[in-house]
1. When you check C:ASN52 against the structure, is it surrounded by 13 or more Cβ atoms within 10 Å (Cβ to Cβ), more than 14 Å from chain A (Cβ to nearest Cβ) and either in contact with a Lys or Arg (Cβ under 8 Å, 6 or more places away or on another chain) or of a type in the set (Phe, Trp, Tyr) (or both), yes or no?
2. How many of the residues making up the stretch B:126-161 are buried (at least 24 other Cβ atoms within 10 Å of the Cβ), among the small types (Gly, Ala, Ser) and farther than 15 Å from B:PHE90 by Cβ?
3. Restricting attention to the stretch B:83-112, which residues are of a type outside the set (Ser, Thr, Tyr) and away from chain C (no Cβ under 11 Å)?
4. Taking the stated definitions as given, is C:ALA266 aliphatic (A, V, I, L, M), in a helix (DSSP H, G or I) and more than 30 Å from A:LEU39 (Cβ to Cβ)?
5. Hey, among B:SER126, B:SER183, which residue is under 21 Å from B:ASN29 (Cβ atoms), assigned to a helix (DSSP H, G or I) and not basic (Lys, Arg)?
6. Being in contact (Cβ under 8 Å) with a residue 60 or more places away in the chain and in contact with a Phe, Trp or Tyr (Cβ under 8 Å, 6 or more places away or on another chain) is the filter; apply it to the stretch B:61-82 and report the residue that is farthest from the other protein chains (Cβ to nearest Cβ).
7. Applying the selection to the stretch A:161-171, what residues are of a type in the set (Val, Ile, Thr) and away from chain C (no Cβ under 12 Å)?
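The values are calculated or read from the model by the stated rules, or taken from the named source; none is laboratory data. Quick caveat, the model's predicted, so the values are computed rather than measured. So basically every Cβ, Gly included, is an ideal-geometry build from the backbone, and we count neighbours across all protein chains shown.
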Amino acid sequence: MKLPDENKLEKLKKRRQRIAFIILGTIGYSIVAILISILTFIIVKGISVISWDFLTSMPEEGMTKGGIFPAILGSFYLVTGSIIVAFPIGIMAAIYMNEYVKHGTAKKIIKQMTNNLAGVPSIVFGLFGMALFVNKLGFGDSIIAGSFTLGLLILPIIIRTTEEALKSVDDTFRQASIGLGASKWQTTKNVVLPIAFPKIITGMILSIGRVSGETAPILFTVAAYFLPRLPHSIFDQAMALPYHLYVLATSGTNISESRPMAYGTALVLVVIVLFTNLLANALRKYFSNKVKM
Amino acid sequence: MIKLETINANVYYGASHALKNISMQLESNTVTALIGPSGCGKSTYLRLFNRMNDLIENIRIEGEILIDGKNIYQKGTNVDSLRKSTGMIFQKPNPFPKSIFENVAYGLRVNGINDAAFIQERVETSIQQVALWDEVKDKLKKSAFELSGGQQQRLCIARALAIQPSIILMDEPTSALDPISTSKIEELMYELKAKYTIVIVTHNMQQAARVSDKTAFFYLGELIEYSQTKELFTNPKIEKTQNYITGRFG
Amino acid sequence: MQSSSKKFSERFIEGLLLISSSITSLTVVLIVLFLFKEGLGLFSHSAIEEGNVIAVNKNNQVSVLSGEQLKNIFDQKIVNWKELGGSNDSIILFRLEDISNYYSDEQIGENFEHLPECISKLNDSISGIISFFPDKYWTKDFKGKKIEFDPITMKEVFAGKEWFPTAHPAAQLGIAPLLLGTLWVSLGAILLALPLGLASAVYLSEIANKKVRSILKPLIELLAGIPSVVYGFFGLVVIVPLIQQLFNLPVGETGLAGSIILGIMALPTIITISEDAMNTTPRAMKEASLALGASKWQTIYKIVIPYSISGITAAAILGIGRAIGETMAVLMVTGNAAIIPHSLLEPVRTIPATIAAELGEAPAGGLHYKALFALGCILFVITLIINLIVEFISSRKKYQNS
């Protein structure tokens, strides 16, 4: 057997590697470029529409003029509502799973079910929310029905991020506290939760971004195509940003004239996501620096 | 005969000076042990000879590192074929997620050899060299993960031998193994040195005393003492060395 | 005293925590319950539009019809009773609005008070008649025979080629076009996103230097958070017109537009998950490969990718799962025609888009409503299976590592 010529072979390997890396790099950068250009497109098209008036006034003339205030307010209500629903439950569930039961079938089942819930498509949440909250419990199309639906949707996310936060707390803290005679709950409340708090908060902020963009779950539980007034109570319908964008883009009274409104609404949604991400990142950095000191 | 040599070798990781002015000559067909407390630079020194340090970002290497009198850090050096001429064994056995056979054949295949009969023969002799053949000959197609830790490490040595290097670099090769597997590998080293130049990093001084012909003691990036193993362990010239080998060290 | 009260409050809190942690399980159970209760209710319904009757001449031998047969009769695809096992007699269609062809306004009466009688007479006198009318006009002494309908069958739903839930007189609930539409669009998306995403992940994980990676990775993660309705909007204003011009189509809202948008949306997920998987490749394993003289590229495709293949598979399957369940973006760009697609350049309609588009118009509790819940059940089951597969793959991986 004649061994391959060393130099020729190495040249071949080098060339193949160079070609492969060029292709991979090109794909990598173009993907990032495409994603960035989508973002840029929305920002560039939307920025000229955004003004104080746009953010604070009612839609006018068949949603081709005016602002998107009711949609912003509606989304605000929904975000607040869903967080009120999901947060206490999510954190308590994570505490139970991480601090109280370390092993066992019960934990396995709960974990499995939480994963299953996380995988349910958002439109199915919409169907479920309509069947349970709107029809069965008689809330009707309302902020409360939408908040519950969205709350259940983000519950698995909150549980997961809280669990991760709790896991990152070193066991020696718990042992030290228990060693001083503190009960499990005292340890959790006074030692574990304060240490895990920054990460929990980060999870909450990220879920705000998620909730404010969800459309399918609110289609049949809360969202109004157009409401010429602000909602009166939590049992009232409301407009919401993502659904408003959908309406403006596909089924407004005059789609071409409401296009600028749509660009503006899309930008507001993008800004919310950008802002929550940046805030979460900044907090993460801030707290990790603090811990180092 | 001098196989490996460094002249004023300096390595910097960013701002930290990891190896300071190391000049040393390693002879062929010997086992040279590099000892010293962790972080002393012995692994970094070992990795100079197959340019494995190149993978680290922010690293700067100065001085001359010679194999057979040729500076391997010279421009135009073919790193892949340099690495082919040096086999490396790692701390933990690290077989690839492939069959036993394919693990050993890997080095041949990536170096452009496709002749099945040749590969078959080379794999067989390599596994025999590490005295693993009887244990695995019936399950060559099985995953390498099915072997025990000691077997895996011998497989990794066979994998390195298959491409017929002239130098074998061992980075604490028995630190993850039980005593029986360790002694098997040490025996193997004794047999292999007839054909290869072996450099071994170890934190285990008894091992260095057992297997090596020459020993180098590193401390905080400096080469403190380098001499015949017997000499170094029985009659160290420098106090630091003495403190280390007698265990009086912080 | 103090210790017992402490014990009680501890117990109380533990109970509270236990309840909270069972909420997700409860929700899953409730979703299954509500979805399947409504969805399976579909199969106790008959296909005929509620509140209506189909009647024939009393001598007609045919007494049971399926929804599809009824539709074909009224579409005049079936024109003779012998095709349905009856006597050789051509079928004469009668809808309520046809009454004026037979009777004058006076005969019917000012307040339609004679209408039942007129319909009854018609059914009695015309041997080949089949009439469709509201059941309030069905009287006890009706001189004709009421046609019975079997409840909707699984076969009709799963094998049916037409989705037209508001059709008169019989709703067509074949989900084949929706199922195929969903699969086509999702597969197209994954075929697009998987190679590109994988290539980017390889680049990020193995080739790019730390600095580049530390900029690009958070950026890609950020893009995973952009709402689907924004992606849909972008698709609508940019990709749809582009496709229309590029392929010279009558409309740009096509399966392809859906695939592209879903593909773009799936990219961040695929990149992040497969990059994470590649990062778990032990450094020593890569070094061992390089030490044997393999080039970096050989190490990537011979060691890193095989090692992380289960993570990559999980990313791909998860990507498909997300694509199948995605609603808004697809709804906005695929054109939503409920026909069996022949190519990706035709409008298609997916299951989630159907639910989103039609639920608002379907009266609660009705046939259409139940059919949409049945679609929800199918979607739920598909995504559940996909999630279980992903979990199975990643748990096997953990086992292999330990």
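1. When the stated conditions are applied, C:ASN52 does not pass them.
2. Number of matching residues: 1.
3. B:ILE100, B:PHE101, listed by residue number.
4. no
5. Exactly one of B:SER126, B:SER183 is under 21 Å from B:ASN29 (Cβ atoms), assigned to a helix (DSSP H, G or I) and not basic (Lys, Arg), namely B:SER126.
6. Selected residue: B:ILE65.
7. A:THR161, A:VAL169
Conditions tested, residue by residue: (1) over 22 Å from C:LEU379 (Cα atoms); (2) crowded, with 24+ Cβ neighbours inside 10 Å; (3) more than 10 Å from chain C (Cβ to nearest Cβ); (4) free of Cβ contacts under 8 Å to residues at least 24 places away in the same chain.
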position: A:ILE123; (1), (2), (3), (4): no, yes, no, no
position: A:GLY126; (1), (2), (3), (4): no, yes, no, no
position: A:GLY129; (1), (2), (3), (4): no, yes, no, no
position: A:PHE139; (1), (2), (3), (4): yes, no, yes, no
position: A:SER142; (1), (2), (3), (4): yes, no, yes, no
position: A:ILE159; (1), (2), (3), (4): yes, yes, no, no
